[in-house]
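Take a look at the structure set out below.
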RNA sequence: UGCCCGGUGGUGUAAUGGCAACACUACGGUUUUUGGUACCGUCAUUCUAGGUUCGAGUCCUAGCCGGGUAACCA
């Protein structure tokens, strides 16, 4: 269970945890939590946090909860709760407890009353605009709200009446009485409760006042016995407030630790913008395989193992980094290379007729399912007179660097024979529509008895037995490494890649693929990793390209 | 403009005062019935300037650069 070997380097968060255990802090216990707000779908950035929080618990013999920070009913919904649970489980983690901040609304209310009684909180009648004005600025002192010195009795009465629904939204708020001249804006009498006559997805209409994140998060951690409250960097300035509430209330004090969120090249991580892509139908839903969402990546064919390996490789620091998409692709390829069975598929078919192969005859050729995994076994695929190869595997004129077929050149058809092209048949427009070739029956093992060698090995499928499929090729959703860097006068959506989805129809697959079901993953040899999409039916197969293979030839061509 | 947090190859991380290490990318090569995989090789004055120290990427000071931050969002 423990991934920590003596050589394992601990990131700074794990180092803190390890030190705390060594020092006997929290009685050597470790409790973490993953605390999403159920207002959207999880993306790969959340995966980093999930792997960190659950990973720490696993590694140090602790526990990790899944807690929904559902303190703002406006944007939240059970649809998201279910999706989040599914995604966390799919990633390979199981929570100790499933919790909701909304379960603590009664306790939180009592704590608010306690702070009022201690003169540390007051009901304020200022409008949002007035609060902003009175807060001052970075170089501007704050001013006390005229309601700051209300008596405890009045505050108690007013707060109860807020709860009872006697006031309209925005009419009043409960504020912490801290320091209107703090250099940290979060401490200039922050709001604790706001009035929202809104239906909550779990508490229904019981409440019309809702606690702010700051007044709910730390106390929720505390209630759950969280020892290490790990969150992202933008909450650094909230830590003093987190600590202030905990200390004022005199309750168990978890330690908040902040780390840098994930940034990926060619990828947009903003929840708001992802929502916009979905709403404006710029993508086909949250699980569009181009989306950086966990469900999108799942549909695309990415494995949880690959995602976890990625999260492990990127490390945890406080540095605002930009990770290259290539690293994610490496992790995906690495896992799929070991686990995905090989198959032959021709995405852009060009017919090949083996003129010296008897008409109407077929023979079965053996193919290794996975050269990286002997236990995957072998399969058979039919070879005959008419075949398909990739159109790009034939060139009329080619340099010596080209390993494909040209007229008068011989190549190997993988798992079959040496094949030589004799003639390219063209249509009236001059397009090559068919290759007339001959094969050498003596090369059945893939080698020639006379020792002659071929440079190229091509993939192929039997025309008579091939099954048709639609294949969806995915490219990065954005053209730019940093889609958030928006040029003057441009919109972030101008950076969308028009070729992020390329749909191919009439692709020809080896017959064994006919029985593939949604979720099945394969390596189409020499092409990439593909999985069966959920749109796929027995009548119409649909494949998604998860990631291409590394292509050394394409690279050398670029030069 | 204040406050907070950062800064190590193209990228991401490591080095916990003692030989700057690992991975990715790129480039070159070996092997190969996938131009895949595997394997080998090449790529750094640790942001700058001072200081402390026998010794500084690491500690101190200043500067420069980057990020966060002034919702009744999280």
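Every condition in (1) near RNA strand B (Cβ under 9 Å from one of its atoms); (2) modelled with pLDDT under 95 holds for residue A:22 except the one numbered (1). Considered as a group, the residues in region A:110-149 that are under 40 Å from the mean Cα position of the chain (by Cα) and touching a residue at least 60 places away in the same chain (Cβ under 8 Å) include one that is farthest from RNA strand B (Cβ to nearest atom), and that residue is A:111.
Can you confirm whether region A:369-388 contains a residue that is within 9 Å of RNA strand B (Cβ to nearest atom) and either under 28 Å from the mean Cα position of the chain (by Cα) or farther than 22 Å from residue A:551 by Cβ (or both)? Yes, region A:369-388 contains a residue that is within 9 Å of RNA strand B (Cβ to nearest atom) and either under 28 Å from the mean Cα position of the chain (by Cα) or farther than 22 Å from residue A:551 by Cβ (or both).
Applying the criterion of being without any contact (Cβ under 8 Å) to a residue 60 or more places away in the chain and part of a loop (DSSP other than H, G, I, E, B) to the residues of region A:73-95, the residue that is farthest from residue A:8 (Cα to Cα) is A:75. Only residues that are surrounded by 15 or more Cβ atoms within 10 Å (Cβ to Cβ) and within 13 Å of RNA strand B (Cβ to nearest atom) were counted in region A:150-177, giving 8. Hey, any hits in region A:184-199 for a residue that's away from RNA strand B (no atom under 12 Å from the Cβ) and assigned by TED's automatic domain parsing to the domain that holds residue A:63? Yes, some residue in region A:184-199 is away from RNA strand B (no atom under 12 Å from the Cβ) and assigned by TED's automatic domain parsing to the domain that holds residue A:63. Name every residue in region A:39-72 that is in contact (Cβ under 8 Å) with a residue 60 or more places away in the chain, within 9 Å of RNA strand B (Cβ to nearest atom) and crowded, with 22+ Cβ neighbours inside 10 Å, in order of residue number. Matches in region A:39-72: A:70, A:71. You will find that of A:322, A:330, A:307, A:350, the residue that is modelled with pLDDT of 95 or more, in the same structural domain as residue A:475 (by TED's automatic domain parsing) and more than 9 Å from RNA strand B (Cβ to nearest atom) is A:307 and no other. The set of residues in region A:386-418 being buried (at least 21 other Cβ atoms within 10 Å of the Cβ) and over 20 Å from residue A:448 (Cα atoms) consists of A:387, A:388, A:389, A:393, A:394.
Which of the following residues is assigned by TED's automatic domain parsing to the domain that holds residue A:240 and in contact with a helix residue (DSSP H, G or I) (Cβ under 7 Å, 6 or more places away or on another chain): A:140, A:172, A:177? Unique residue meeting the criteria: A:172.
Report yes if some residue within region A:271-288 is assigned to a strand (DSSP E or B) and either in contact with a strand residue (DSSP E or B) (Cβ under 7 Å, 6 or more places away or on another chain) or not assigned by TED's automatic domain parsing to the domain that holds residue A:324 (or both); otherwise report no. No, region A:271-288 has no match at all. Note on region A:120-139: residues that are over 19 Å from residue A:212 (Cα atoms) and outside any helix (DSSP H, G or I) amount to 4.
The values are calculated or read from the model by the stated rules, or taken from the named source; none is laboratory data. In this text the structure is predicted, and so the values were computed from the model without any measurement. No Cβ is skipped: glycine too gets one built from the backbone with ideal geometry, and neighbour counts run over all protein chains shown.
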